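Written below as C-alpha cells is the structure these notes are about.
Each reported figure results from applying straightforward, stated rules to the coordinates on display, with no laboratory input. Predicted, not measured: the structure shown is a model, and the values here were computed from it. Cβ: placed from backbone, ideal geometry, glycine included. Neighbour counts: every protein chain shown.
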Amino acid sequence: MTKERIEELTPEQEKYLPVFREEWLRIGLSTKNVDKDASTHAVKRLYQAGGLDEPLVMHFDSPMQCILAIHVMRSLGEISEANLRDNLGANLGANLWDNLWDNLWDNLWDNLGANLWDNLRDNLWDNFGDNLRANLGANLWANLWDNLWDNLWANLRDNLRANLWDNLGDRDLYVPTYFWGNLDAYWMAWAEFAEKIGVPIDKKEHFHAYIEFSKTSGVSYFYPGFAFVSDRPDFIGKDDLTRLHCETGPALSFRDGYSVHAWHGVNVPGHWIENPQEVDPAEILKSENVEQRAAGAQIIGWPRMAEKLDRKIIEGDPESDVGALVEFTLPGLPDPGRFLMAKCPRNGIICEGVPRVSDIDDQPISTAIAAQAWRDCLPQAEYIHPAIRT
C-alpha cells in the first residue's frame, strides 16, 4: 500500500520550522572548535555507511593544513597519485554520495504532495530572505536552500577554493573535495526536515551518517584508509546581504592564520583590504576578473581609480562643491558607470555612484544637481543646493 502523500504541515511542524532553521544556521555558521572525538566518530560512521574500512582520522586547523598533509602523505607513498585525483570519487562517492543523493531526491518527489512541495519551494521563496532575520513562517525551501546556499556553499566554498588556489601558488598542489562538513548544511537542513515531517528515506544509515558528519566536522578530504578533517573557521564576516565581506581584514579566517579576504562576496587579494592606501590602481585594472576589478575600485576609492580610467564629464565641474556628473569606463564592463564627483570641505574629492534614473522621482539623472538631489533622497524639483557645505 502506498503511503499517502504529505500535502500540508501540521501546526506543530509550522511552529518548529523557525527553530529548525536557526539550529542549522548555527551549525553551518559555527566558529567553534571541532570536537575531535565527535568528529572522528562521525567520519568513521560515514566510511562504514559507505562500506569502506575504518580510516585513520587526522584533524588540522584549516583546509590549507589538510592539503599540505595530503601532499606529505603522498610523498611518503601512503596516498597514490590515483587516490589523490579521485578523492574517493569511485568508492565513497559511488557507495554513499550518489545513492544518498538519488534516493533522497526520489523520496522527496514521491512523498511530498504538490501543495506542500510548492509551499516549500516556490510559494515561500521570496519571503525567505526577508524572514531570515525575523520569522520563517512556512518558508523552508527558500530559507534553508537559498540563504544557506549563499552563506555556506556558494560564498564560503568558492572563496575558500579561490584563496587556497592563490596561496598555494603551484596549482598542482590544489586538492578538490566533495565533503564540506558544516558547509553542507544548506542541503542537509531541508532534507532532514523532510524526514522529520514523515518522508521515508532509503539507506537511512547513509543519510544519518552524513547529517552527523555535517554537524560535527569542517571541510574534509577522504581517501581509502585516511581522512583529513579541517577545523571550522574562527571568524566569518558578512555584509547586510549575507555575502562574505569584511572591510578591515579577513572575511574568513582559521586558527592557524589561513584566511580569505572578500569584498561583498568577491574574493580579493588580502593586501587590497589590509593596505588599500598602498595599492596601485593599475594593479586592480590588471585583474582578469571583472567583478574583482569593480570590488578593488570600491576598496581603494573611485577618486584614486579615476586617475587611471577614461573619464567623460557629462555636466558640471568636479572641482566645485556642486560637482559634476561623470562617466568612468572600467575595462571589461559593457557600459560606463556614472558618478557624482564633487569637492567636499571635510572629505576632499568624493566620487559616488549614481543611477541613470532616480528611484525617488523617476526622473533621468543628467546633471550634477540631479545627482545631488538623489544623494539626499529628494526629488529634483525639491532640491536646493546649500550655499555653504560643511
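Would the range 209-230 turn up any residue that is within 30 Å of A306 (Cα to Cα), of a type outside the set (F, W, Y) and under 23 Å from the mean Cα position of the chain (by Cα)? No: zero hits.
Of the residues making up the range 37-58, those that are within 17 Å of F179 (Cα to Cα) and assigned to a helix (DSSP H, G or I) are A38, S39, T40, H41, A42, V43, K44, R45, L46, Y47, Q48, A49.
Yes or no: T242 farther than 20 Å from G181 by Cβ and touching a residue at least 24 places away in the same chain (Cβ under 8 Å)? Considered against the rule, which asks whether it is farther than 20 Å from G181 by Cβ and touching a residue at least 24 places away in the same chain (Cβ under 8 Å), T242 comes out as no.
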